[in-house]
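These notes are about the structure you will find just below.
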Amino acid sequence: MIIRKWFTSLLFSAVLLVGSAQAAAAAEGTTGSTPEPSAPSGKHITILHTNDMHGRAVEASPEMGFAKVTGIFNQYRSQNPDTLVLDVGDAVHGTPFATLVQGESIVKVMNEMGYDATVPGNHEFNYGWKHLVELTKELKFPMLSANVIQDDGTTLFKPYIIKEVDGVKFGIIGLSTPETAYKTNPTNVTGLKFADPSVEAKKWVNEIRGQVDVVVVLGHLGQDKSSVDTSLKVVKEVPGIDIFIDGHSHTVLENGLMAGNNTLIASAGEYTKYVGVVDLWVDNHKVMKKEATLIDEKEAADIKPDQKVADLVASIQKEQEPILKEKVGETPVLLEGSREKARTGETNLGDLLADAMRDVSQSDVAITNGGGIRASIEAGTITKGDVVTVLPFGNQIVQLKVKGSDIKAALENGISDYPESKGGFSQVSGVTFKIDTTKPKGSRVHSVKIGDKALDPDATYTLATNDFMAVGGDEYTMFTKYPQAGMYGALDEALINYIQQGKPIPEGPAGRITEGPAPAETTAPAPTPAKPAPEPTTPSNPAPAKPQPEVKPVPAPSAAEVYVVKKGDTLYSISLKYHTTWQTLRDLNHIKNANRIYPGQQIKLPA
């Protein structure tokens with residue numbers, strides 16, 4: 001929870017239109033410092049901003065929904081007419097409210113909310129860039145991006161606009177993440193390239209800096225350490241940006257962040273959980289002061305949702321009812337997705353969903369959590385509403401490039417409580433394995449095959465999973481070290497498309513996950529005793545025997561000996577070298593996860 005004493009004052013007291021001694025904000029040159037009591041000079045302008053809303057149209061705590069967010073906009077506008085409202089992308093995709101009509105519903109609502117500009121995030125391209133262009137024609141405000149380039153070298157969108165507020169000129173530039181090239185289905189952006197954001201930002205800042213008083217960048221770039229092009233990199237490399245409103249990494253910046261070149265970075269988290277507020281004072285074409293904060297549902301508890309937006313959302317939901325009844329396909333059997341089945345074992349619905357994920361992403365393996373499956377589908381007609389009920393969260397399909405050892409670790413995590421219920425139970429495609437319930441947790445999975453070949457712990461496989469698991473959800477922490485190699489839309493979309501293609505419906509579990517004892521530990525076979533050679537006949541005059549070189553036996557390692565792990569080693573390869581078993585090495589060294597050894601680690605060897 002983010003509590004701002006000054007927020008209520010800002011909403012209900014005109015004093016804060018010219019500053020507040022109580023504000024905790026990212027002031028000029030500092031982060032989170034307390035402003036001076038004296039009111040700053042110049043005109044006070046407020047920027048309200050959102051990012052990564054992902055279609056969260058309906059209020060569901062802590063998500064405020066579009067009507068409540070608009071209520072906050074209204075309250076600020078009533079206190080300060082000199083207010084801009086900006087969005088930083090990933091708005092038109094993420095929930096059935098959005099995806100059922102390919103984002104058109106979001107466009108209608110955002111028009112009513114009164115935005116002044118937006119920028120396309122990677123998920124704006126999920127319906128294909130040509131459809132996105134059609135959506136922008138419906139917008140009553142501009143979509144900006146300076147670095148989305150067509151084959152002919154022109155930008156797909158306007159790179160910037162100049163907007164005047166009470167005599168103050170704002171230059172607003174848009175930037176989209178180059179990760180869009182693989183964080184949407186690559187076919188969605190065929191014919192486009194995403195240029196270096198820093199290069200394009202510098203070009204356009206230099207062009208408009210002399211024409212405007214304030215430069216604002218709307219950058220769907222984020223601050224993830226795994227990303228190359230981030231907001232931090234741009235503001236460091238590009239002087240002249242006053243305010244950078246950030247998105248993509250879902251970062252929550254409570255008071256903003258003062259970064260390189262005296263730029264204030266602001267970001268409002270995700271899913272309408274926050275509305276971002278930037279206040280600035282401009283005097284004689286110069287920004288005298290700027291500060292940022294966030295508003296959440298607790299601070300906005302007394303603000304009424306905007307009734308027009310609430311009515312519009314409700315009417316769209318009603319319009320979507322016939323769409324939810326649209327036929328997707330037929331199933332001759334119950335597709336099992338009940339809580340008690342999907343969280344305790346393989347089900348045919350789990351198989352079908354994992355197959356759809358693997359198919360759309362063309363991955364080697366797919367793993368999704370049984371807890372993400374929320375209902376069964378009865379035998380007979382399958383509707384879009386049935387699929388949405390099964391998959392209500394709007395989770396996205398993410399592809400990772402994962403080592404075989406981490407795929408096994410993921411499977412161990414998924415079945416760790418088997419046969420008891422666990423939300424993270426692995427529903428899989430492209431992989432088969434067995435569970436030995438007599439073994440301790442972390443060592444139950446065996447006989448793992450990818451396709452028809454045994455899992456190679458050192459090989460790299462493409463894995464389709466969901467965005468919740470990719471960031472460590474349901475204890476799949478082994479995935480967090482891998483950057484996204486691709487994004488392929490929402491789970492519900494993939495399942496609907498897969499069924500519509502007429503792909504086979506499994507009548508029951510396909511037998512990808514079975515129980516069985518682990519193979520017996522293998523030991524080196526005892527040497528076969530040699531047959532005694534016949535005693536030679538001693539000649540009357542024996543020749544002198546040639547001296548034979550002394551053969552020194554190789555001593556077996558003693559209990560005190562250790563082996564230092566080298567790159568590429570596994571417990572299994574070490575066990576073969578020293579005529580033991582990997583289980584013996586695991587137990588002797590108290591190793592919890594047999595797949596996790598590292599170069600330089602000392603492994604005790606048995607006597």
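The values are calculated or read from the model by the stated rules, or taken from the named source; none is laboratory data. Small disclaimer: the values here were computed from a predicted structure and weren't measured. Positions of Cβ are backbone-derived with ideal geometry, glycine not excepted, and every protein chain shown enters the neighbour counts. Side chains included, ligands, DNA and RNA excluded: accessible areas come from the protein's heavy atoms. Shrake-Rupley method; radii C 1.70, N 1.55, O 1.52, S 1.80 Å.
Some points to look at:
- Remark on the range 365-405: hydrodynamic radius 12.4 angstrom, per the Kirkwood mean of 1/r across alpha carbon pairs.
- Within-14-Å neighbourhood charge of Phe97 [Cβ basis; K, R +1; D, E -1]: -3
- For Lys308, a cut-off of 14 angstrom between C-alpha atoms picks up these aspartates and glutamates, skipping any fewer than 8 places away in its own chain: Glu112.
- Summarising the strand pairing of the chain, around 70 percent of its internal DSSP beta bridges are antiparallel.
- Over all other residues within a Cβ to Cβ distance under 14 Å of Asp229, the charged ones net out to 0, with Lys and Arg as +1 and Asp and Glu as -1.
- Residue-normalised convex hull volume from the C-alpha trace of the range 154-279: 118 Å³ per residue.
- Length-normalised contact order for the chain - Cα pairs under 8 Å, 6+ apart - percent: 12 percent
- Computed about its Cα centre, the charge dipole of the chain is approximately 1580 debye, with only Lys, Arg, Asp and Glu carrying charge at their Cβ.
- Distance in nm between pseudo-label sites at Asp436 and Lys158 (7 Å out along the Cβ direction from Cα): 6.7 nm
- Positive-end residue, the chain charge dipole about Cα centroid, Cβ charges, pick of Ala356, His446, Gly260: His446
- Taking the accessible area of the chain, probe 1.4 Å, and keeping the other protein chains in place, the carbon and sulfur fraction comes to 52%.
- With respect to the chain, whose longest principal axis is taken over its alpha-carbon atoms, helix 104-113 is tilted by about 40°.
- Average accessible area per residue (Å²) across the range 398-456 - probe 1.4 Å, nucleic acids and ligands excluded: 37 Å²
- Within the shell of other residues whose beta carbon sits under 14 angstrom from the beta carbon of Thr344, the net charge comes to -2, with Lys and Arg scored +1 and Asp and Glu -1.
- Between the helical axis of 197-208 and the longest alpha-carbon principal axis of the chain there is an angle of about 10 degrees.
- Averaging the Cα positions of each part gives two centres, and for the range 113-175 and the range 266-303 these lie 22 Å apart.
- Protection-proxy order for peptides 391-400, 264-273, each taking the mean of Cβ atoms within 10 Å per residue, highest first: 264-273, 391-400
- Calculated semi-axes √(5λ) of the Cα gyration tensor in Å (choose from (1) 58, 31, 22; (2) 71, 25, 23; (3) 40, 29, 23), label: (1)
- Take the Cα radius of gyration of the range 198-341 and divide it by 2.2 N^0.38 Å, N being the number of residues; the result is 1.51.
- For the residue pairs Lys158/Lys298; Lys422/Lys481; Lys341/Lys441; Lys183/Lys453, alpha carbon separations beyond 32 Å are given by Lys158/Lys298.
- Cα centroid of the range 490-523 to Cα centroid of the range 179-226, whole Å: 40 Å
- Nearest-ten-degree value, helix 307-324 long axis tilted from longest Cα axis of the chain: 40 degrees
- Of the residues Ala310, Thr368, Ser78, the one whose Cα sits farthest towards the positive end of the charge dipole of the chain is Thr368 (charges of +1 on Lys and Arg Cβ, -1 on Asp and Glu Cβ, taken about the Cα centre).
- By a 1.4 Å probe calculation restricted to protein chains, Tyr563 has an accessible surface near 10 Å², given to the nearest 10.
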